[in-house]
Amino acid sequence: KQEVTQIPAALSVPEGENLVLNCSFTDSAIYNLQWFRQDPGKGLTSLLLIQSSQREQTSGRLNASLDKSSGRSTLYIAASQPGDSATYLCAVHSGGGADGLTFGKGTHLIIQP
Amino acid sequence: DTEVTQTPKHLVMGMTNKKSLKCEQHMGHRAMYWYKQKAKKPPELMFVYSYEKLSINESVPSRFSPECPNSSLLNLHLHALQPEDSALYLCASSQEGRGLGEQYFGPGTRLTVT
(Lines give C-alpha, C1' and ligand atoms only; values in the text may rest on other atoms or scores of the structure.)
Protein backbone atom coordinates (compact mmCIF):
# COMPACT_ATOMS: atom_id res chain seq x y z
CA LYS A 1 0.00 0.00 0.00
CA GLN A 2 1.34 3.41 -1.00
CA GLU A 3 2.31 5.72 1.86
CA VAL A 4 3.18 9.39 1.45
CA THR A 5 5.13 11.35 4.06
CA GLN A 6 5.67 15.09 4.18
CA ILE A 7 8.37 16.87 6.14
CA PRO A 8 8.20 19.23 7.94
CA ALA A 9 4.67 19.08 9.32
CA ALA A 10 4.77 22.81 9.99
CA LEU A 11 7.05 25.65 8.98
CA SER A 12 7.13 29.35 9.86
CA VAL A 13 9.54 31.69 8.06
CA PRO A 14 9.92 35.43 7.48
CA GLU A 15 8.72 36.91 4.24
CA GLY A 16 11.21 36.83 1.38
CA GLU A 17 12.91 33.56 2.28
CA ASN A 18 13.31 30.68 -0.13
CA LEU A 19 12.04 27.39 1.25
CA VAL A 20 11.81 23.70 0.45
CA LEU A 21 9.01 21.29 1.29
CA ASN A 22 9.72 17.58 1.18
CA CYS A 23 7.59 14.62 0.14
CA SER A 24 8.48 10.93 0.07
CA PHE A 25 6.52 7.89 -1.07
CA THR A 26 7.06 4.19 -0.49
CA ASP A 27 6.10 2.68 -3.86
CA SER A 28 7.95 4.13 -6.85
CA ALA A 29 5.43 2.69 -9.34
CA ILE A 30 3.54 5.97 -9.77
CA TYR A 31 1.86 7.60 -12.74
CA ASN A 32 2.35 11.14 -11.51
CA LEU A 33 2.80 13.34 -8.47
CA GLN A 34 0.79 16.46 -7.78
CA TRP A 35 1.35 19.35 -5.36
CA PHE A 36 -1.67 21.22 -3.97
CA ARG A 37 -2.29 24.09 -1.61
CA GLN A 38 -5.28 24.21 0.70
CA ASP A 39 -6.48 27.28 2.55
CA PRO A 40 -8.41 26.71 5.80
CA GLY A 41 -11.85 25.22 5.17
CA LYS A 42 -11.40 25.39 1.41
CA GLY A 43 -10.89 22.97 -1.45
CA LEU A 44 -7.58 22.06 -3.05
CA THR A 45 -5.80 24.20 -5.61
CA SER A 46 -3.48 22.33 -7.94
CA LEU A 47 -0.02 23.87 -8.09
CA LEU A 48 2.09 21.51 -10.17
CA LEU A 49 1.78 18.10 -11.78
CA ILE A 50 4.86 16.01 -12.53
CA GLN A 51 4.48 12.94 -14.72
CA SER A 52 6.53 9.90 -13.74
CA SER A 53 8.81 10.42 -16.76
CA GLN A 54 9.61 14.02 -15.80
CA ARG A 55 12.22 15.38 -13.40
CA GLU A 56 10.78 18.78 -12.63
CA GLN A 57 8.08 21.33 -13.31
CA THR A 58 8.05 25.08 -12.79
CA SER A 59 5.27 27.60 -12.37
CA GLY A 60 6.19 31.14 -11.41
CA ARG A 61 7.98 31.09 -8.06
CA LEU A 62 7.32 27.38 -7.63
CA ASN A 63 9.55 24.54 -8.73
CA ALA A 64 8.81 20.89 -8.06
CA SER A 65 11.27 18.07 -8.61
CA LEU A 66 10.74 14.34 -8.75
CA ASP A 67 13.22 11.52 -8.11
CA LYS A 68 11.02 8.54 -8.77
CA SER A 69 13.66 5.88 -8.08
CA SER A 70 14.32 7.19 -4.58
CA GLY A 71 10.66 8.00 -3.92
CA ARG A 72 11.16 11.71 -3.28
CA SER A 73 9.81 15.04 -4.42
CA THR A 74 10.54 18.58 -3.31
CA LEU A 75 8.58 21.79 -3.72
CA TYR A 76 10.76 24.89 -3.83
CA ILE A 77 9.12 28.25 -3.15
CA ALA A 78 11.18 31.29 -4.02
CA ALA A 79 10.85 34.69 -2.39
CA SER A 80 8.02 33.65 -0.10
CA GLN A 81 5.09 36.04 0.51
CA PRO A 82 2.42 36.16 3.25
CA GLY A 83 -0.12 35.05 0.64
CA ASP A 84 1.76 31.76 0.36
CA SER A 85 0.57 30.82 3.85
CA ALA A 86 -1.48 27.64 3.51
CA THR A 87 -1.24 23.88 3.89
CA TYR A 88 0.72 22.25 1.08
CA LEU A 89 -0.24 18.70 0.15
CA CYS A 90 1.73 16.21 -1.90
CA ALA A 91 -0.23 13.43 -3.62
CA VAL A 92 0.77 10.50 -5.80
CA HIS A 93 -1.28 8.66 -8.36
CA SER A 94 -0.24 5.03 -8.21
CA GLY A 95 -0.75 2.17 -10.60
CA GLY A 96 -2.09 -1.28 -9.75
CA GLY A 97 -5.73 -0.35 -10.18
CA ALA A 98 -5.75 2.40 -7.56
CA ASP A 99 -7.01 5.26 -9.64
CA GLY A 100 -7.20 7.89 -6.97
CA LEU A 101 -4.61 10.05 -5.30
CA THR A 102 -2.84 9.11 -2.08
CA PHE A 103 -2.06 12.20 -0.03
CA GLY A 104 0.54 13.08 2.52
CA LYS A 105 -0.56 14.80 5.71
CA GLY A 106 0.66 18.15 4.46
CA THR A 107 3.01 20.91 5.53
CA HIS A 108 1.36 23.84 7.30
CA LEU A 109 3.25 26.91 6.11
CA ILE A 110 3.15 30.35 7.71
CA ILE A 111 4.96 33.27 6.11
CA GLN A 112 5.51 36.07 8.60
CA PRO A 113 5.13 39.62 7.20
CA ASP B 1 -12.22 26.82 -17.65
CA THR B 2 -10.79 24.53 -14.97
CA GLU B 3 -13.69 24.77 -12.58
CA VAL B 4 -15.36 22.01 -10.63
CA THR B 5 -18.50 23.15 -8.83
CA GLN B 6 -20.12 21.54 -5.80
CA THR B 7 -23.47 22.13 -4.15
CA PRO B 8 -24.43 22.74 -1.46
CA LYS B 9 -21.49 24.47 0.23
CA HIS B 10 -22.76 23.50 3.66
CA LEU B 11 -25.18 20.78 4.76
CA VAL B 12 -26.52 19.87 8.18
CA MET B 13 -28.51 16.67 8.40
CA GLY B 14 -29.90 14.35 11.02
CA MET B 15 -29.03 10.68 11.16
CA THR B 16 -32.40 9.69 9.66
CA ASN B 17 -32.29 12.13 6.75
CA LYS B 18 -31.61 11.45 3.09
CA LYS B 19 -29.64 14.08 1.21
CA SER B 20 -27.49 14.35 -1.90
CA LEU B 21 -24.30 16.16 -2.80
CA LYS B 22 -23.81 17.35 -6.34
CA CYS B 23 -20.67 17.92 -8.40
CA GLU B 24 -20.38 19.29 -11.91
CA GLN B 25 -17.57 19.91 -14.40
CA HIS B 26 -17.60 21.12 -18.00
CA MET B 27 -14.00 20.42 -18.94
CA GLY B 28 -14.81 17.28 -20.88
CA HIS B 29 -13.12 15.15 -18.23
CA ARG B 30 -14.00 11.47 -18.23
CA ALA B 31 -12.96 10.62 -14.68
CA MET B 32 -14.59 11.98 -11.52
CA TYR B 33 -13.81 11.31 -7.88
CA TRP B 34 -15.23 11.69 -4.39
CA TYR B 35 -12.84 12.26 -1.49
CA LYS B 36 -13.58 12.66 2.20
CA GLN B 37 -11.49 14.96 4.37
CA LYS B 38 -11.74 14.99 8.15
CA ALA B 39 -10.47 17.99 10.10
CA LYS B 40 -6.67 18.35 10.02
CA LYS B 41 -6.35 15.17 7.93
CA PRO B 42 -5.53 14.67 4.25
CA PRO B 43 -8.26 13.76 1.76
CA GLU B 44 -9.09 10.06 1.42
CA LEU B 45 -10.42 8.52 -1.77
CA MET B 46 -14.00 7.19 -1.63
CA PHE B 47 -15.10 6.55 -5.21
CA VAL B 48 -13.81 6.83 -8.75
CA TYR B 49 -15.92 6.97 -11.91
CA SER B 50 -14.14 6.45 -15.18
CA TYR B 51 -16.17 6.88 -18.36
CA GLU B 52 -19.32 6.96 -16.20
CA LYS B 53 -18.62 3.56 -14.67
CA LEU B 54 -17.66 2.98 -11.08
CA SER B 55 -14.14 1.65 -11.30
CA ILE B 56 -13.14 1.50 -7.67
CA ASN B 57 -14.86 1.61 -4.30
CA GLU B 58 -12.51 2.00 -1.39
CA SER B 59 -14.66 -0.10 0.98
CA VAL B 60 -16.92 2.82 1.77
CA PRO B 61 -20.02 2.06 3.88
CA SER B 62 -23.25 1.54 1.94
CA ARG B 63 -24.83 4.60 3.54
CA PHE B 64 -22.84 6.49 0.88
CA SER B 65 -24.12 5.82 -2.63
CA PRO B 66 -22.47 7.44 -5.67
CA GLU B 67 -24.16 8.10 -8.98
CA CYS B 68 -22.82 9.38 -12.29
CA PRO B 69 -25.82 10.36 -14.49
CA ASN B 70 -23.58 11.65 -17.29
CA SER B 71 -19.98 12.56 -17.93
CA SER B 72 -20.37 16.04 -16.40
CA LEU B 73 -22.28 15.20 -13.25
CA LEU B 74 -21.49 13.26 -10.11
CA ASN B 75 -23.79 12.80 -7.15
CA LEU B 76 -23.25 11.36 -3.71
CA HIS B 77 -26.44 10.15 -2.02
CA LEU B 78 -26.39 10.08 1.76
CA HIS B 79 -28.66 8.03 4.00
CA ALA B 80 -28.60 7.12 7.70
CA LEU B 81 -25.28 8.80 8.30
CA GLN B 82 -23.43 8.82 11.60
CA PRO B 83 -21.93 11.83 13.40
CA GLU B 84 -18.45 10.54 12.52
CA ASP B 85 -19.33 11.06 8.85
CA SER B 86 -19.13 14.81 9.41
CA ALA B 87 -16.36 16.03 7.12
CA LEU B 88 -15.50 18.06 4.03
CA TYR B 89 -16.53 16.12 0.92
CA LEU B 90 -14.45 16.97 -2.10
CA CYS B 91 -15.17 16.22 -5.72
CA ALA B 92 -12.44 16.12 -8.36
CA SER B 93 -12.13 15.39 -12.04
CA SER B 94 -9.35 14.52 -14.46
CA GLN B 95 -9.09 14.04 -18.17
CA GLU B 96 -9.01 10.28 -17.79
CA GLY B 97 -8.95 7.75 -15.00
CA ARG B 98 -5.57 6.08 -15.38
CA GLY B 99 -3.39 8.64 -13.70
CA LEU B 100 -2.13 10.63 -16.64
CA GLY B 101 -4.11 13.75 -16.00
CA GLU B 102 -4.08 16.52 -13.47
CA GLN B 103 -6.88 16.32 -10.91
CA TYR B 104 -8.94 19.45 -10.37
CA PHE B 105 -10.85 19.80 -7.14
CA GLY B 106 -14.05 21.59 -6.26
CA PRO B 107 -14.46 23.78 -3.14
CA GLY B 108 -16.11 20.97 -1.21
CA THR B 109 -19.32 20.47 0.76
CA ARG B 110 -18.99 20.85 4.53
CA LEU B 111 -21.27 18.15 5.99
CA THR B 112 -22.37 18.09 9.61
CA VAL B 113 -24.35 15.10 10.87
CA THR B 114 -26.31 15.73 14.06
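The values are calculated or read from the model by the stated rules, or taken from the named source; none is laboratory data. Here the structure is a predicted model, which means the values were calculated and not measured. Reconstructed Cβ throughout: ideal geometry from the backbone, glycine too, with neighbour counts over all protein chains shown.
The residues on offer are A:Leu109, A:Leu21, A:Leu62, and the sole one that is within 29 Å of B:Leu111 (Cα to Cα) and buried (at least 16 other Cβ atoms within 10 Å of the Cβ) is A:Leu109. Scanning the stretch B:32-55 for residues that are within 21 Å of A:Gly41 (Cα to Cα) and surrounded by 13 or more Cβ atoms within 10 Å (Cβ to Cβ) yields B:Tyr33, B:Trp34, B:Tyr35, B:Lys36, B:Gln37, B:Lys38, B:Lys41, B:Pro42, B:Pro43, B:Glu44, B:Leu45, B:Met46. Within the stretch B:63-90, residues that are free of Cβ contacts under 8 Å to residues at least 24 places away in the same chain reach partners that are surrounded by fewer than 16 Cβ atoms within 10 Å (Cβ to Cβ) with beta carbons closer than 6 Å, at six or more positions or on different chains, in the pairs B:Arg63/B:His79; B:Arg63/B:Ala80; B:Ser65/B:His77.
Can you tell me which residues in the stretch B:20-33 are part of a strand (DSSP E or B) and either in contact (Cβ under 8 Å) with a residue 60 or more places away in the chain or under 15 Å from A:His93 (Cα atoms) (or both)? Of everything in the stretch B:20-33, those that are part of a strand (DSSP E or B) and either in contact (Cβ under 8 Å) with a residue 60 or more places away in the chain or under 15 Å from A:His93 (Cα atoms) (or both) turn out to be B:Leu21, B:Cys23, B:Gln25, B:Ala31, B:Met32, B:Tyr33.
Taking the conditions exactly as written (within 29 Å of B:Leu111 (Cβ to Cβ) and free of Cβ contacts under 8 Å to residues at least 40 places away in the same chain), does A:Leu49 satisfy them or not? So that I can check it myself, show each step before the final result.
On the way: within 29 Å of B:Leu111 (Cβ to Cβ): yes; free of Cβ contacts under 8 Å to residues at least 40 places away in the same chain: yes.
It is true that A:Leu49 is within 29 Å of B:Leu111 (Cβ to Cβ) and free of Cβ contacts under 8 Å to residues at least 40 places away in the same chain.
In the stretch B:72-114, of all residues being part of a loop (DSSP other than H, G, I, E, B), over 14 Å from the mean Cα position of the chain (by Cα) and crowded, with 16+ Cβ neighbours inside 10 Å, the one that is modelled with the lowest pLDDT corresponds to B:Gly99.
Would you mind stating whether B:Val12 is of a type in the set (Val, Ile, Thr) and under 29 Å from A:Gln54 (Cα atoms)? Break it down into steps so the answer makes sense when it comes.
Working: of a type in the set (Val, Ile, Thr): yes; under 29 Å from A:Gln54 (Cα atoms): no.
When the stated conditions are applied, B:Val12 does not pass them.
Where strands (runs of 3 or more DSSP E) sit wholly within the stretch A:9-69, none has at least 2 residues that are more than 10 Å from every other protein chain (Cβ to nearest Cβ), farther than 13 Å from A:Ala91 by Cβ and in contact with a helix residue (DSSP H, G or I) (Cβ under 8 Å, 6 or more places away or on another chain). Reported count of residues in the stretch A:47-83, each being of a type in the set (Val, Ile, Thr) and within 10 Å of the chain's Cα centre (by Cα), is 1.
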